[in-house]
1. Please determine whether any residue of segment 55-68 is outside any strand (DSSP E or B), exposed (fewer than 12 other Cβ atoms within 10 Å of the Cβ) and modelled with pLDDT under 95.
2. Being of a type outside the set (S, T, Y) and either more than 27 Å from P260 (Cα to Cα) or touching a Cys at 6+ places or on another chain (Cβ under 9 Å) (or both) is the requirement here; does A149 meet it?
3. So how many residues does segment 140-150 have that are over 14 Å from E173 (Cα atoms) and assigned to a helix (DSSP H, G or I)?
4. Would you please list the contacts, defined by Cβ atoms under 6 Å and residues six or more apart or on different chains, that run from a residue in segment 101-121 that is surrounded by 13 or more Cβ atoms within 10 Å (Cβ to Cβ) to a residue that is among the basic types (K, R) and part of a loop (DSSP other than H, G, I, E, B)?
5. Which of the residues spanning segment 69-86 are under 17 Å from K34 (Cα atoms), open to solvent by 20 Å² or more (accessible area, probe 1.4 Å) and among the aliphatic types (A, V, I, L, M)?
6. Just give me the residues in segment 261-304 being β-branched (V, I, T) and modelled with pLDDT under 95, in sequence order.
7. State the number of residues belonging to segment 11-54 that are open to solvent by 70 Å² or more (accessible area, probe 1.4 Å), part of a loop (DSSP other than H, G, I, E, B) and farther than 19 Å from D78 by Cβ.
8. Which of (1) within 30 Å of E237 (Cα to Cα); (2) not in a helix (DSSP H, G or I) is the odd one out, the single condition L162 does not satisfy?
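The values are calculated or read from the model by the stated rules, or taken from the named source; none is laboratory data. Because the structure is predicted, anything quoted here is derived from the model rather than measured. Don't worry about glycine lacking a Cβ; one is built from the backbone with ideal geometry, like all the others, and counts go over all protein chains shown. Protein only, heavy atoms only, side chains kept; ligands, DNA and RNA dropped before computing areas. Shrake-Rupley method; radii C 1.70, N 1.55, O 1.52, S 1.80 Å.
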Amino acid sequence: MAVGVIEDDGGRILIARRPAEVDQGGLWEFPGGKIEPGETPFDALRRELMEETGIAVDGAEPMLVVRHDYPLRRVVLDVWRVRRFSGIARGRLGQPVRWVRPDELVDFRFPAANRSIVTAARLPFHYPIVEDAAGDLGAMRRQFRRLVAEGHSLIQLRAKALSRTDFRAFARECLYHCADNHTRLILNAEPELAVELGAAGVHLTSARLNSLDSRPLDDRFWVAASCHDVSELEKAESLQLDFAVFGPVLPTRSHPESAPLGWEHVSQCLQSVNLPVYALGGMAAEHLASARSAGAWGIAGIRGFL
């Protein structure tokens with residue numbers, strides 16, 4: 001199936017409600033439909049969006065591919081981000097349609113196969129990490145404030161060299177700064193601390209990921225994890241985490257002993273999972289296109305964002 005995440009000039013996303021009499025009726029979905037024999041996914045997307053909503057797609061970019069197994073069937077969703085279109089969206093088949101802000105998507109009930117799409121629609125392509133420079137709070141503070149000033153909307157705070165007391169104090173400081181700049185801060189710490197401090201979520205180490213049997217926080221929080229092989233990616237998906245980072249893709253100065261995975265291997269690994277994944281390890285801005293081509297959602301890193 002070809003599916004469109006249609007975004008207007010104000011950043012709102014179009015959703016439609018399924019008719020009550022069809023399978024999973026009453027749930028909301030992203031417009032789209034079946035790919036007919038002889039059609040490319042893009043051709044099907046253009047046809048379906050015109051038939052369902054009356055908009056003409058002028059351009060779209062591949063977003064992600066979702067494979068989901070329902071009890072009686074498997075669906076494969078070829079998802080496209082549509083930002084260039086003409087016409088006024090309406091429910092041409094009688095279905096209600098709504099424009100909503102990305103963060104409002106979690107307030108609507110979607111089919112299970114749409115979970116990854118809802119998450120991806122709310123994620124940026126860049127996921128910078130603020131790392132402690134041997135416990136140098138001044139350097140971390142400058143790094144964090146520069147990332148916020150540059151407009152990054154999702155930042156991970158990882159500070160293993162800091163004491164628990166210093167980490168807690170610095171996280172509070174960062175969260176106070178985030179509130180004034182519409183930035184979401186994710187803590188690389190125990191989930192309980194993210195709840196206590198009011199952070200946007202938690203980033204799990206691979207060790208903490210492998211120790212869990214269920215998602216540690218509810219859907220009000222982002223929950224991400226660091227993964228280094230397919231089994232960890234599959235574990236993150238099975239726990240219904242929101243996204244993962246995967247690497248190292250390329251050689252890194254911070255972990256020269258870690259053998260890089262390479263883009264080809266990363267691409268093969270990502271074909272087996274449905275959650276959004278950021279490529280990690282040696283990443284810089286110029287690697288975003290390669291990451292997207294390999295099936296990653298975006299790039300994560302420390303030095304690449306300095």
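1. No: segment 55-68 contains no residue that is outside any strand (DSSP E or B), exposed (fewer than 12 other Cβ atoms within 10 Å of the Cβ) and modelled with pLDDT under 95.
2. On the way: of a type outside the set (S, T, Y): yes; either more than 27 Å from P260 (Cα to Cα) or touching a Cys at 6+ places or on another chain (Cβ under 9 Å) (or both): yes.
So A149 fits the description; yes.
3. 3
4. Note: pairs meeting the criteria are P102/R122.
5. V76
6. Answer for segment 261-304, where residues must be β-branched (V, I, T) and modelled with pLDDT under 95: V273, I302.
7. So the answer is 4.
8. Condition (1) is where L162 drops out.
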